[in-house]
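Novice: Here you go, one structure.
The numbers here are math on the coordinates, done by the rules we state, and not lab data. Here the structure is a predicted model, which means the values were calculated and not measured. When we count neighbours, we look across all protein chains shown, and the Cβ atoms used for this are built from the backbone with ideal geometry, even at glycine.
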């Protein structure tokens, strides 16, 4: 580890959220659903429609407060997909490790056979010299 690197504990890492720049992105009124969401959130948060802009974070916050089942369902689905991907990754790594071990064993066996052929050739040469 380098001297200037900082090591975080699991608790510190969990407490320190990663920055998500997309959350600060201003939502443009492109389409009827976005129009409705931006207007509703702007009204709910009492923003000035002429100067204040609605961000994705604001929309998520209002939806989470008023319709918690919606972002919860998305979060659960995201968690399940991530968990399945992790299991697939574990299976892949196990198969890859097994394949690599087999390759190493085959390489070692091949080397032993090559070494044995050299020994056999030397024995035959020695036997021929003796006779």
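Novice: Taking Cα pairs under 8 Å and at least six residues apart, what relative contact order does segment 1-67 come out at, in percent?
Specialist: The normalised contact order for segment 1-67 reaches 31 percent.
Novice: How would you rank 30-40, 55-65, highest first, on the average number of other Cβ atoms within 10 Å across their residues?
Specialist: 55-65, 30-40
Novice: Right, here's the next one. What is the pair-distance distribution P(r) of segment 1-67, computed from all Cα-Cα distances in 5 Å bins starting at 0, with each bin given as a whole percent?
Specialist: P(r) for segment 1-67, in whole percents per bin: 3, 15, 19, 18, 12, 8, 7, 8, 6, 4, 1.
Novice: Would you mind calculating the gained length between residue 33 and residue 20 on full extension (0.36 nm times residue separation, minus the Cα-Cα distance), in nm to one decimal?
Specialist: 2.4 nm
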